[in-house]
Amino acid sequence: MIELSLMFQIDWLEVKEVLFSLNEGFIKSLEIFVLTLLGAVPLGLVIAFGSMSGIGIVRWFNKFLVWVIRGTPLMLQLLIIYYGPGIILGNNWWGSGATGRFIAAMIAFILNYACYFSEIYRGGIEGIPKGQYEAGEVLGMTKSQIFFKVVLLQVIKRIIPPMGNEIITLVKDTSLVRVIAVYELMWNGQDFIKSEGIIWPMFFTGIYYLLFSGLLTLFLGWLEKKMDYFKV
Amino acid sequence: MAILEVKNLKKNFGELEVLKGIDFSIEKGDVMAVIGSSGNGKTTLLRCINFLETPDAGEIIVNGETLFDAEKKQSTSEENIRKKRLHFGLVFQNFNLFPQYTVLGNVMLAKELLEKERPDYRKNKKQIKAEIEAEAKKLLDDVGLSDKLDYYPHQLSGGQQQRVAIARALALKPDILCFDEPTSALDPELTAEVLKVIKSLAESKMTMIVVTHEMSFAKDVANKIIFMDEGKILEEGTPEDIFENPKNQRVKEFIGGIATI
(Lines give C-alpha, C1' and ligand atoms only; values in the text may rest on other atoms or scores of the structure.)
Protein backbone atom coordinates (compact mmCIF):
# COMPACT_ATOMS: atom_id res chain seq x y z
CA MET A 1 0.00 0.00 0.00
CA ILE A 2 2.75 2.37 0.90
CA GLU A 3 4.77 1.30 -2.09
CA LEU A 4 1.82 1.89 -4.43
CA SER A 5 1.24 5.37 -3.13
CA LEU A 6 4.94 6.04 -3.53
CA MET A 7 4.72 4.92 -7.14
CA PHE A 8 1.98 7.41 -7.89
CA GLN A 9 3.47 10.11 -5.81
CA ILE A 10 3.97 13.05 -8.06
CA ASP A 11 7.37 14.57 -7.81
CA TRP A 12 6.43 18.19 -8.35
CA LEU A 13 10.02 19.27 -8.57
CA GLU A 14 10.58 16.86 -11.42
CA VAL A 15 7.39 18.00 -13.21
CA LYS A 16 8.51 21.59 -12.92
CA GLU A 17 11.90 20.76 -14.33
CA VAL A 18 10.40 18.80 -17.23
CA LEU A 19 7.83 21.45 -18.12
CA PHE A 20 10.50 24.13 -18.03
CA SER A 21 12.63 22.13 -20.40
CA LEU A 22 9.76 21.24 -22.72
CA ASN A 23 8.60 24.85 -22.85
CA GLU A 24 12.08 25.89 -23.81
CA GLY A 25 12.13 23.26 -26.55
CA PHE A 26 8.71 24.31 -27.72
CA ILE A 27 9.82 27.92 -28.09
CA LYS A 28 12.63 26.70 -30.35
CA SER A 29 10.19 24.59 -32.39
CA LEU A 30 7.89 27.60 -32.66
CA GLU A 31 10.78 29.76 -33.87
CA ILE A 32 11.57 27.23 -36.58
CA PHE A 33 7.90 27.08 -37.54
CA VAL A 34 7.40 30.85 -37.76
CA LEU A 35 10.69 31.61 -39.52
CA THR A 36 10.13 28.82 -42.04
CA LEU A 37 6.73 30.26 -42.94
CA LEU A 38 8.07 33.82 -43.10
CA GLY A 39 10.80 32.70 -45.49
CA ALA A 40 9.07 29.99 -47.50
CA VAL A 41 5.77 31.75 -48.22
CA PRO A 42 7.40 34.54 -50.31
CA LEU A 43 10.28 32.40 -51.64
CA GLY A 44 7.72 29.86 -52.83
CA LEU A 45 6.06 32.57 -54.93
CA VAL A 46 9.41 33.42 -56.55
CA ILE A 47 10.02 29.74 -57.37
CA ALA A 48 6.43 29.37 -58.63
CA PHE A 49 6.87 32.29 -61.05
CA GLY A 50 10.27 30.89 -61.99
CA SER A 51 8.81 27.52 -62.90
CA MET A 52 6.16 29.25 -65.03
CA SER A 53 8.68 31.59 -66.68
CA GLY A 54 8.77 32.03 -70.43
CA ILE A 55 12.56 31.88 -70.28
CA GLY A 56 13.55 28.25 -70.74
CA ILE A 57 16.63 28.20 -68.53
CA VAL A 58 14.87 29.91 -65.63
CA ARG A 59 11.94 27.52 -65.90
CA TRP A 60 14.15 24.44 -66.05
CA PHE A 61 16.35 25.58 -63.18
CA ASN A 62 13.33 26.04 -60.95
CA LYS A 63 11.72 22.78 -62.01
CA PHE A 64 15.02 20.98 -61.37
CA LEU A 65 15.31 22.56 -57.93
CA VAL A 66 11.76 21.55 -57.03
CA TRP A 67 12.42 18.01 -58.24
CA VAL A 68 15.58 17.63 -56.16
CA ILE A 69 14.13 19.18 -53.00
CA ARG A 70 10.83 17.36 -53.14
CA GLY A 71 12.48 14.15 -54.23
CA THR A 72 14.87 13.81 -51.28
CA PRO A 73 14.26 13.60 -47.54
CA LEU A 74 14.31 16.85 -45.61
CA MET A 75 16.56 15.10 -43.10
CA LEU A 76 19.13 14.46 -45.84
CA GLN A 77 18.95 18.11 -46.89
CA LEU A 78 19.56 19.18 -43.29
CA LEU A 79 22.63 16.96 -43.04
CA ILE A 80 24.07 18.05 -46.39
CA ILE A 81 23.53 21.76 -45.75
CA TYR A 82 25.05 21.52 -42.28
CA TYR A 83 27.96 19.16 -42.88
CA GLY A 84 28.51 19.75 -46.61
CA PRO A 85 30.46 23.00 -46.50
CA GLY A 86 32.84 21.79 -43.81
CA ILE A 87 33.55 18.35 -45.22
CA ILE A 88 33.34 18.93 -48.98
CA LEU A 89 34.67 22.48 -49.17
CA GLY A 90 36.87 22.23 -46.11
CA ASN A 91 35.29 25.39 -44.78
CA ASN A 92 32.63 25.14 -42.10
CA TRP A 93 30.51 28.23 -42.67
CA TRP A 94 28.32 27.45 -39.72
CA GLY A 95 30.98 27.59 -37.04
CA SER A 96 30.65 25.34 -34.03
CA GLY A 97 27.94 27.11 -32.05
CA ALA A 98 24.19 26.64 -31.71
CA THR A 99 23.51 29.75 -33.81
CA GLY A 100 25.29 28.28 -36.83
CA ARG A 101 23.34 25.03 -36.53
CA PHE A 102 20.11 26.95 -36.24
CA ILE A 103 20.85 29.04 -39.34
CA ALA A 104 21.74 25.93 -41.33
CA ALA A 105 18.48 24.32 -40.21
CA MET A 106 16.48 27.39 -41.23
CA ILE A 107 18.03 27.44 -44.69
CA ALA A 108 17.15 23.79 -45.23
CA PHE A 109 13.60 24.26 -43.95
CA ILE A 110 12.87 27.45 -45.89
CA LEU A 111 14.19 26.00 -49.13
CA ASN A 112 12.32 22.73 -48.63
CA TYR A 113 8.99 24.32 -47.78
CA ALA A 114 9.32 27.00 -50.46
CA CYS A 115 9.53 24.22 -53.07
CA TYR A 116 6.37 22.54 -51.78
CA PHE A 117 4.56 25.89 -51.55
CA SER A 118 5.67 26.84 -55.07
CA GLU A 119 3.87 23.83 -56.51
CA ILE A 120 0.72 24.70 -54.57
CA TYR A 121 0.90 28.30 -55.80
CA ARG A 122 1.51 27.17 -59.37
CA GLY A 123 -1.53 24.91 -59.26
CA GLY A 124 -3.59 27.75 -57.79
CA ILE A 125 -2.46 30.29 -60.35
CA GLU A 126 -2.82 27.97 -63.33
CA GLY A 127 -6.26 26.94 -62.13
CA ILE A 128 -7.67 30.45 -62.58
CA PRO A 129 -9.70 30.46 -65.80
CA LYS A 130 -8.19 32.36 -68.74
CA GLY A 131 -11.44 34.30 -68.95
CA GLN A 132 -10.62 36.14 -65.72
CA TYR A 133 -7.44 37.54 -67.24
CA GLU A 134 -9.14 38.35 -70.52
CA ALA A 135 -12.04 40.10 -68.80
CA GLY A 136 -9.47 42.29 -67.01
CA GLU A 137 -7.57 42.94 -70.22
CA VAL A 138 -10.58 44.08 -72.23
CA LEU A 139 -11.49 46.39 -69.34
CA GLY A 140 -8.12 48.09 -69.83
CA MET A 141 -6.51 46.75 -66.65
CA THR A 142 -2.74 46.30 -66.52
CA LYS A 143 -1.15 42.91 -65.94
CA SER A 144 -0.27 43.75 -62.34
CA GLN A 145 -3.74 45.14 -61.65
CA ILE A 146 -5.23 41.92 -62.98
CA PHE A 147 -2.93 39.85 -60.76
CA PHE A 148 -3.42 41.82 -57.57
CA LYS A 149 -7.05 42.93 -57.94
CA VAL A 150 -8.60 39.96 -59.71
CA VAL A 151 -6.49 36.82 -59.56
CA LEU A 152 -4.70 36.88 -56.21
CA LEU A 153 -7.66 36.52 -53.85
CA GLN A 154 -9.06 33.69 -55.97
CA VAL A 155 -5.68 31.95 -55.79
CA ILE A 156 -5.55 32.41 -52.01
CA LYS A 157 -9.00 30.92 -51.62
CA ARG A 158 -8.02 27.93 -53.73
CA ILE A 159 -4.74 27.22 -51.93
CA ILE A 160 -5.87 27.48 -48.32
CA PRO A 161 -6.71 23.75 -47.96
CA PRO A 162 -3.45 22.39 -49.48
CA MET A 163 -1.39 25.04 -47.69
CA GLY A 164 -3.10 24.04 -44.45
CA ASN A 165 -1.90 20.49 -45.00
CA GLU A 166 1.70 21.59 -45.47
CA ILE A 167 1.57 23.92 -42.47
CA ILE A 168 0.33 21.12 -40.21
CA THR A 169 3.10 18.90 -41.56
CA LEU A 170 5.61 21.63 -40.78
CA VAL A 171 4.60 21.58 -37.11
CA LYS A 172 5.79 18.00 -36.85
CA ASP A 173 8.74 18.36 -39.25
CA THR A 174 10.34 20.86 -36.87
CA SER A 175 11.41 17.82 -34.84
CA LEU A 176 13.83 16.85 -37.64
CA VAL A 177 16.32 19.59 -36.74
CA ARG A 178 17.53 17.35 -33.93
CA VAL A 179 19.74 15.52 -36.47
CA ILE A 180 22.04 18.51 -36.44
CA ALA A 181 21.60 19.00 -32.71
CA VAL A 182 19.24 21.93 -32.61
CA TYR A 183 17.51 21.43 -29.29
CA GLU A 184 13.80 21.58 -29.97
CA LEU A 185 10.77 20.16 -28.18
CA MET A 186 11.28 16.46 -28.89
CA TRP A 187 15.00 16.52 -28.19
CA ASN A 188 14.33 17.99 -24.79
CA GLY A 189 11.63 15.41 -24.10
CA GLN A 190 13.82 12.50 -25.14
CA ASP A 191 16.68 13.84 -23.09
CA PHE A 192 14.88 12.77 -19.89
CA ILE A 193 15.07 9.14 -20.95
CA LYS A 194 18.85 9.31 -20.91
CA SER A 195 19.35 11.64 -17.99
CA GLU A 196 16.55 10.63 -15.58
CA GLY A 197 15.26 7.34 -16.96
CA ILE A 198 11.72 8.66 -17.27
CA ILE A 199 9.68 8.40 -20.44
CA TRP A 200 6.57 10.46 -19.69
CA PRO A 201 8.15 13.76 -20.82
CA MET A 202 8.60 12.19 -24.22
CA PHE A 203 4.89 11.31 -24.43
CA PHE A 204 4.10 14.73 -23.09
CA THR A 205 5.71 16.38 -26.10
CA GLY A 206 2.88 14.82 -28.13
CA ILE A 207 0.42 16.99 -26.23
CA TYR A 208 2.32 20.11 -27.26
CA TYR A 209 2.21 19.07 -30.92
CA LEU A 210 -1.47 18.17 -30.68
CA LEU A 211 -2.47 21.44 -29.05
CA PHE A 212 -0.47 23.49 -31.50
CA SER A 213 -1.75 21.71 -34.62
CA GLY A 214 -5.24 21.83 -33.11
CA LEU A 215 -5.06 25.61 -32.83
CA LEU A 216 -3.78 25.86 -36.39
CA THR A 217 -6.61 23.66 -37.62
CA LEU A 218 -9.12 25.96 -35.96
CA PHE A 219 -7.45 29.00 -37.49
CA LEU A 220 -7.37 27.45 -40.97
CA GLY A 221 -11.03 26.50 -40.70
CA TRP A 222 -11.88 30.07 -39.71
CA LEU A 223 -9.89 31.39 -42.66
CA GLU A 224 -11.68 29.07 -45.06
CA LYS A 225 -15.00 30.26 -43.71
CA LYS A 226 -13.95 33.87 -44.09
CA MET A 227 -13.52 33.23 -47.82
CA ASP A 228 -16.89 31.57 -48.17
CA TYR A 229 -18.59 34.72 -49.40
CA PHE A 230 -17.55 34.02 -52.98
CA LYS A 231 -17.16 30.96 -55.16
CA VAL A 232 -14.34 30.25 -57.59
CA MET B 1 -16.76 58.58 -91.49
CA ALA B 2 -16.92 55.00 -90.39
CA ILE B 3 -16.49 54.47 -86.65
CA LEU B 4 -14.72 51.18 -87.34
CA GLU B 5 -12.97 49.93 -90.44
CA VAL B 6 -11.42 46.49 -90.63
CA LYS B 7 -9.26 45.81 -93.68
CA ASN B 8 -7.96 42.47 -94.90
CA LEU B 9 -7.69 41.02 -91.40
CA LYS B 10 -5.90 37.67 -91.28
CA LYS B 11 -5.12 35.37 -88.40
CA ASN B 12 -3.44 31.97 -88.35
CA PHE B 13 -3.05 29.55 -85.48
CA GLY B 14 -0.03 27.60 -86.62
CA GLU B 15 -0.99 25.99 -89.93
CA LEU B 16 -4.66 26.76 -89.47
CA GLU B 17 -5.91 29.89 -91.24
CA VAL B 18 -8.75 31.08 -89.07
CA LEU B 19 -9.32 34.47 -90.68
CA LYS B 20 -8.52 34.71 -94.38
CA GLY B 21 -8.93 38.42 -95.03
CA ILE B 22 -11.90 40.11 -93.39
CA ASP B 23 -13.11 43.52 -94.59
CA PHE B 24 -16.00 45.50 -93.23
CA SER B 25 -16.86 48.88 -91.86
CA ILE B 26 -19.57 50.15 -89.58
CA GLU B 27 -21.01 53.57 -88.83
CA LYS B 28 -21.76 55.07 -85.47
CA GLY B 29 -24.98 53.61 -84.09
CA ASP B 30 -24.81 50.52 -86.29
CA VAL B 31 -25.64 47.14 -84.85
CA MET B 32 -23.80 44.50 -86.82
CA ALA B 33 -24.65 40.84 -86.32
CA VAL B 34 -22.04 38.26 -87.25
CA ILE B 35 -23.65 34.95 -88.10
CA GLY B 36 -22.57 31.59 -89.50
CA SER B 37 -21.97 28.14 -88.14
CA SER B 38 -19.55 27.49 -85.27
CA GLY B 39 -15.81 27.23 -85.83
CA ASN B 40 -15.66 29.66 -88.73
CA GLY B 41 -13.69 32.49 -87.14
CA LYS B 42 -16.42 34.69 -85.68
CA THR B 43 -15.03 34.65 -82.17
CA THR B 44 -11.45 35.06 -83.42
CA LEU B 45 -12.57 38.15 -85.32
CA LEU B 46 -13.94 39.70 -82.11
CA ARG B 47 -10.81 38.72 -80.20
CA CYS B 48 -8.60 40.38 -82.81
CA ILE B 49 -10.65 43.58 -82.68
CA ASN B 50 -10.32 43.58 -78.87
CA PHE B 51 -6.56 42.95 -79.03
CA LEU B 52 -6.80 39.61 -77.27
CA GLU B 53 -5.17 38.15 -80.39
CA THR B 54 -2.68 39.84 -82.66
CA PRO B 55 -3.71 39.60 -86.31
CA ASP B 56 -1.10 38.40 -88.80
CA ALA B 57 -2.19 40.87 -91.46
CA GLY B 58 -4.60 43.73 -91.93
CA GLU B 59 -5.62 46.99 -90.37
CA ILE B 60 -8.04 48.13 -87.67
CA ILE B 61 -9.09 51.78 -87.89
CA VAL B 62 -11.31 53.50 -85.33
CA ASN B 63 -12.64 57.01 -86.01
CA GLY B 64 -10.00 57.41 -88.71
CA GLU B 65 -7.17 56.51 -86.32
CA THR B 66 -5.21 53.40 -87.26
CA LEU B 67 -5.05 51.31 -84.11
CA PHE B 68 -3.46 48.33 -85.77
CA ASP B 69 -1.53 47.86 -88.97
CA ALA B 70 0.30 44.58 -89.42
CA GLU B 71 2.66 46.25 -91.93
CA LYS B 72 3.98 48.71 -89.37
CA LYS B 73 5.89 47.89 -86.27
CA GLN B 74 3.46 47.91 -83.37
CA SER B 75 4.13 49.48 -80.08
CA THR B 76 3.75 46.57 -77.71
CA SER B 77 3.87 48.69 -74.58
CA GLU B 78 1.11 47.79 -72.18
CA GLU B 79 0.09 51.41 -71.91
CA ASN B 80 -0.48 51.60 -75.68
CA ILE B 81 -2.44 48.38 -75.99
CA ARG B 82 -4.64 49.41 -73.08
CA LYS B 83 -5.45 52.71 -74.71
CA LYS B 84 -6.46 50.91 -77.89
CA ARG B 85 -8.52 48.38 -76.03
CA LEU B 86 -10.54 51.07 -74.34
CA HIS B 87 -12.17 51.92 -77.68
CA PHE B 88 -13.87 48.55 -77.41
CA GLY B 89 -15.84 46.61 -74.87
CA LEU B 90 -16.30 42.86 -74.95
CA VAL B 91 -19.04 40.77 -73.38
CA PHE B 92 -18.09 37.11 -73.15
CA GLN B 93 -20.15 34.00 -73.69
CA ASN B 94 -19.53 32.82 -70.12
CA PHE B 95 -19.70 36.28 -68.47
CA ASN B 96 -16.32 36.13 -66.70
CA LEU B 97 -17.46 38.26 -63.80
CA PHE B 98 -14.96 38.67 -60.97
CA PRO B 99 -16.30 36.32 -58.28
CA GLN B 100 -14.90 38.12 -55.25
CA TYR B 101 -16.56 41.44 -56.07
CA THR B 102 -20.19 42.37 -55.64
CA VAL B 103 -22.31 43.32 -58.63
CA LEU B 104 -21.55 46.98 -57.96
CA GLY B 105 -17.87 46.20 -57.39
CA ASN B 106 -17.61 44.39 -60.72
CA VAL B 107 -18.97 47.42 -62.55
CA MET B 108 -16.81 49.93 -60.66
CA LEU B 109 -13.44 48.13 -60.48
CA ALA B 110 -11.85 48.91 -63.86
CA LYS B 111 -13.09 52.49 -63.91
CA GLU B 112 -11.72 53.08 -60.41
CA LEU B 113 -8.32 51.72 -61.39
CA LEU B 114 -8.31 53.90 -64.48
CA GLU B 115 -9.28 57.03 -62.60
CA LYS B 116 -6.52 56.45 -60.07
CA GLU B 117 -4.09 57.48 -62.78
CA ARG B 118 -5.65 60.93 -62.98
CA PRO B 119 -3.26 63.53 -61.56
CA ASP B 120 -6.01 65.03 -59.44
CA TYR B 121 -7.18 61.65 -58.06
CA ARG B 122 -5.70 62.10 -54.59
CA LYS B 123 -7.17 65.53 -54.19
CA ASN B 124 -10.68 64.69 -55.32
CA LYS B 125 -10.75 61.04 -54.31
CA LYS B 126 -14.09 61.17 -52.56
CA GLN B 127 -15.83 63.02 -55.32
CA ILE B 128 -14.38 60.84 -58.10
CA LYS B 129 -15.38 57.67 -56.26
CA ALA B 130 -18.88 58.99 -55.71
CA GLU B 131 -19.18 59.78 -59.41
CA ILE B 132 -18.02 56.31 -60.42
CA GLU B 133 -20.47 54.74 -58.00
CA ALA B 134 -23.39 56.87 -59.19
CA GLU B 135 -22.53 56.02 -62.78
CA ALA B 136 -22.30 52.29 -62.00
CA LYS B 137 -25.63 52.35 -60.17
CA LYS B 138 -27.25 54.05 -63.12
CA LEU B 139 -25.90 51.42 -65.51
CA LEU B 140 -27.11 48.62 -63.27
CA ASP B 141 -30.50 50.29 -63.10
CA ASP B 142 -30.55 50.39 -66.91
CA VAL B 143 -30.00 46.64 -67.10
CA GLY B 144 -32.64 46.05 -64.43
CA LEU B 145 -30.42 45.04 -61.54
CA SER B 146 -30.68 47.93 -59.12
CA ASP B 147 -31.96 45.52 -56.45
CA LYS B 148 -28.88 43.27 -56.73
CA LEU B 149 -26.04 45.73 -56.10
CA ASP B 150 -24.61 43.87 -53.10
CA TYR B 151 -25.01 40.36 -54.48
CA TYR B 152 -22.03 38.25 -55.48
CA PRO B 153 -21.93 36.69 -58.96
CA HIS B 154 -22.57 33.14 -57.72
CA GLN B 155 -25.84 34.32 -56.20
CA LEU B 156 -27.19 35.42 -59.60
CA SER B 157 -28.76 33.59 -62.52
CA GLY B 158 -26.81 33.38 -65.78
CA GLY B 159 -29.00 36.05 -67.34
CA GLN B 160 -28.40 38.40 -64.41
CA GLN B 161 -24.67 37.73 -64.56
CA GLN B 162 -24.60 38.55 -68.24
CA ARG B 163 -26.47 41.79 -67.62
CA VAL B 164 -23.87 42.72 -64.98
CA ALA B 165 -21.18 41.94 -67.57
CA ILE B 166 -22.87 44.31 -70.01
CA ALA B 167 -23.03 47.08 -67.41
CA ARG B 168 -19.39 46.42 -66.54
CA ALA B 169 -18.35 46.84 -70.18
CA LEU B 170 -20.44 50.01 -70.55
CA ALA B 171 -18.83 51.58 -67.48
CA LEU B 172 -15.73 52.35 -69.54
CA LYS B 173 -17.80 54.03 -72.26
CA PRO B 174 -16.44 52.08 -75.21
CA ASP B 175 -17.00 53.39 -78.74
CA ILE B 176 -17.97 49.93 -79.87
CA LEU B 177 -19.39 47.18 -77.70
CA CYS B 178 -18.76 43.61 -78.86
CA PHE B 179 -20.70 40.54 -77.80
CA ASP B 180 -19.34 37.03 -78.24
CA GLU B 181 -22.38 34.75 -78.33
CA PRO B 182 -23.78 36.48 -75.25
CA THR B 183 -26.70 34.11 -74.81
CA SER B 184 -25.18 30.74 -75.77
CA ALA B 185 -24.80 29.69 -72.14
CA LEU B 186 -28.37 30.66 -71.23
CA ASP B 187 -31.78 29.00 -71.36
CA PRO B 188 -34.48 30.64 -73.54
CA GLU B 189 -36.04 32.66 -70.75
CA LEU B 190 -32.72 34.10 -69.60
CA THR B 191 -31.73 34.63 -73.24
CA ALA B 192 -34.78 36.82 -73.68
CA GLU B 193 -33.89 39.08 -70.74
CA VAL B 194 -30.34 39.59 -72.05
CA LEU B 195 -31.49 40.23 -75.61
CA LYS B 196 -33.95 42.79 -74.29
CA VAL B 197 -31.05 44.71 -72.75
CA ILE B 198 -29.03 44.57 -75.98
CA LYS B 199 -32.08 45.73 -77.90
CA SER B 200 -32.53 48.72 -75.62
CA LEU B 201 -28.86 49.58 -76.15
CA ALA B 202 -29.47 49.46 -79.90
CA GLU B 203 -32.36 51.86 -79.45
CA SER B 204 -30.10 54.25 -77.59
CA LYS B 205 -27.74 54.13 -80.62
CA MET B 206 -24.91 52.20 -79.05
CA THR B 207 -22.57 50.91 -81.75
CA MET B 208 -22.40 47.13 -81.41
CA ILE B 209 -21.00 44.01 -83.01
CA VAL B 210 -22.85 40.88 -81.94
CA VAL B 211 -21.68 37.38 -82.75
CA THR B 212 -24.83 35.36 -82.35
CA HIS B 213 -26.78 32.25 -83.20
CA GLU B 214 -30.06 33.97 -82.37
CA MET B 215 -31.33 34.55 -85.88
CA SER B 216 -34.57 36.29 -84.99
CA PHE B 217 -32.58 38.65 -82.81
CA ALA B 218 -30.14 39.36 -85.65
CA LYS B 219 -33.08 40.01 -87.94
CA ASP B 220 -34.92 42.34 -85.55
CA VAL B 221 -32.14 44.30 -83.92
CA ALA B 222 -29.19 44.42 -86.33
CA ASN B 223 -29.18 46.83 -89.25
CA LYS B 224 -26.25 45.06 -90.82
CA ILE B 225 -25.37 41.39 -91.03
CA ILE B 226 -22.24 39.59 -92.09
CA PHE B 227 -22.23 35.88 -92.76
CA MET B 228 -18.90 34.20 -92.06
CA ASP B 229 -17.78 30.84 -93.34
CA GLU B 230 -14.30 29.30 -93.22
CA GLY B 231 -12.63 32.52 -92.18
CA LYS B 232 -14.20 34.68 -94.87
CA ILE B 233 -17.23 36.91 -95.20
CA LEU B 234 -19.46 35.16 -97.70
CA GLU B 235 -22.15 37.76 -97.75
CA GLU B 236 -23.01 41.01 -96.07
CA GLY B 237 -26.02 43.26 -96.16
CA THR B 238 -29.16 44.34 -94.39
CA PRO B 239 -31.23 41.72 -92.57
CA GLU B 240 -33.62 41.73 -95.55
CA ASP B 241 -30.74 41.01 -97.96
CA ILE B 242 -29.46 38.11 -95.93
CA PHE B 243 -32.67 36.55 -94.68
CA GLU B 244 -35.03 37.24 -97.62
CA ASN B 245 -32.72 37.23 -100.64
CA PRO B 246 -29.45 35.53 -99.86
CA LYS B 247 -27.27 35.38 -102.97
CA ASN B 248 -24.55 33.00 -101.89
CA GLN B 249 -25.42 29.30 -102.08
CA ARG B 250 -23.89 28.49 -98.66
CA VAL B 251 -25.84 31.34 -97.04
CA LYS B 252 -29.02 30.13 -98.77
CA GLU B 253 -28.50 26.67 -97.32
CA PHE B 254 -27.78 28.03 -93.83
CA ILE B 255 -30.83 30.32 -93.79
CA GLY B 256 -32.98 27.68 -95.48
CA GLY B 257 -31.82 25.07 -92.99
CA ILE B 258 -32.92 27.23 -90.10
CA ALA B 259 -36.26 28.07 -91.72
CA THR B 260 -37.27 24.44 -92.09
CA ILE B 261 -36.82 23.66 -88.40
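The values are calculated or read from the model by the stated rules, or taken from the named source; none is laboratory data. All values reported here derive from a predicted model rather than from experimental measurement. Note: ideal-geometry Cβ built from the backbone for every residue, glycine included; neighbour counts use all protein chains shown. Just so you know, the surface numbers come from the protein's heavy atoms only, side chains and all, with ligands and any DNA or RNA stripped out. Shrake-Rupley method; radii C 1.70, N 1.55, O 1.52, S 1.80 Å.
Working from label points 7 Å from Cα in the Cα-to-Cβ sense, the A:Leu30 to B:Glu253 distance is 7.7 nm. Distance from the C-alpha centroid of the range A:29-63 to that of the range B:57-78: 40 Å, rounded to the whole angstrom.
Quick check: from the Cα gyration tensor, does the range B:98-181 come out rounded (a/c under 1.5), prolate or oblate? Verdict is prolate for the range B:98-181.
Our coupling estimate for the range B:107-117, obtained by passing each phi through the Karplus curve with A = 6.51, B = -1.76, C = 1.60 and θ = phi - 60°, is 6, 7, 3, 5, 5, 4, 5, 5, 5, 4, 7 Hz, Gly and Pro reported as x. FRET efficiency for the pair B:Asp120 and A:Ser144, taken as 1/(1 + (r/R0)^6) with r the Cβ-Cβ distance and R0 = 25 Å, rounds to 0.65. Rounded to the nearest 20 debye, the dipole magnitude of chain B is 940 debye, with +1 charges on Lys and Arg beta carbons, -1 on Asp and Glu beta carbons, and the Cα centre as origin. The separation of the range B:105-133 from the range B:1-36, counted between C-alpha centres, amounts to 34 Å.
Across the range A:138-153, coupling constants 3J(HN,Hα) worked out from phi with the 6.51/-1.76/1.60 Karplus curve, θ = phi - 60°, read 5, 8, x, 7, 7, 4, 6, 4, 4, 5, 6, 8, 10, 7, 3, 5 Hz, and Gly and Pro carry x.
When +1 charges are put on Lys and Arg Cβ atoms and -1 charges on Asp and Glu Cβ atoms, the dipole computed for the range A:14-226 relative to its Cα centre reaches about 660 debye.
Report, in whole Å, the centroid distance computed from the Cα atoms of the range A:211-228 and the range A:93-126. One Cα centre to the other: 24 Å. Within the listed set A:Arg101, A:Arg59, A:Arg122, the residue fluctuating most in the Gaussian network model of chain A (springs between alpha-carbon atoms under 10 angstrom) is A:Arg59. By the gyration tensor of its Cα atoms, with a ≥ b ≥ c the square roots of the eigenvalues, what is the shape of the range A:14-226: rounded for a/c under 1.5, prolate for a/b over b/c, or oblate? It is oblate, given that a/c is not under 1.5 and a/b is not larger than b/c.
Projecting label points 7 angstrom from Cα along Cα→Cβ for A:Phe203 and A:Glu126 puts them 4.7 nm apart. Per-residue extension of 0.36 nm, minus the Cα-Cα distance of B:Asn8 and B:Lys196, leaves a gain of 64.4 nm for this segment.
Across the range B:152-161, rounded Karplus estimates of 3J(HN,Hα) from the backbone phi angles (6.51 cos²θ - 1.76 cosθ + 1.60, θ = phi - 60°) give 9, x, 5, 8, 10, 6, x, x, 5, 4 Hz, Gly and Pro being marked x.
Accessible area of B:Met208 (1.4 Å probe, protein heavy atoms only, ligands and nucleic acids ignored): about 0 Å². When chain B is treated as a GNM with alpha-carbon contacts under 10 Å, the residue of B:Ile22, B:Ile225, B:Ile49 showing the greatest mean-square fluctuation is B:Ile22. B:Cys48 exposes around 0 Å² of accessible area when a 1.4 Å probe is run over every protein chain in place.
Of B:Lys28, B:Lys20, B:Lys73, which is the most mobile in a GNM of chain B whose springs link Cα atoms less than 10 angstrom apart? Of B:Lys28, B:Lys20, B:Lys73, the Gaussian network model singles out B:Lys73 as fluctuating most.
Around the Cα centre of the protein assembly as shown, unit charges on the Cβ atoms of Lys, Arg, Asp and Glu (plus for the first two, minus for the last two) sum to a dipole of about 900 debye. Extending 7 Å from the Cα toward the beta-carbon at both B:Asp150 and A:Leu79 defines two label points whose distance is 6.1 nm.
Is there a pair in B:Lys137/B:Lys219; B:Lys84/B:Lys252; A:Lys231/B:Lys137; B:Lys138/B:Lys224 whose C-alpha atoms are over 26 Å apart, and which pairs would that be? From B:Lys137/B:Lys219; B:Lys84/B:Lys252; A:Lys231/B:Lys137; B:Lys138/B:Lys224, over 26 Å: B:Lys137/B:Lys219; B:Lys84/B:Lys252; B:Lys138/B:Lys224. Shape class for chain B: oblate, because the ratio a/c of the largest to smallest gyration tensor axis (alpha-carbon atoms, square roots of eigenvalues) is 1.5 or more and b/c is at least a/b.
Remark on A:Leu139: its backbone amide H falls under 5 Å from none of the residues 5 or more positions apart or on other chains, H modelled at 1.01 Å from N. Each of A:Leu76, A:Ala48, A:Asn92 was placed along the dipole of the range A:4-96 (beta-carbon charges, centred on the mean Cα), and the one lying farthest toward the positive end is A:Ala48. The lysines whose alpha-carbon is closer than 28 Å to the alpha-carbon of A:Lys28, local same-chain residues fewer than 8 away aside, are A:Lys16, A:Lys172, A:Lys194. On the principal axes of its alpha-carbon atoms, the protein assembly as shown has extents of 111, 56, 54 Å, going from largest to smallest.
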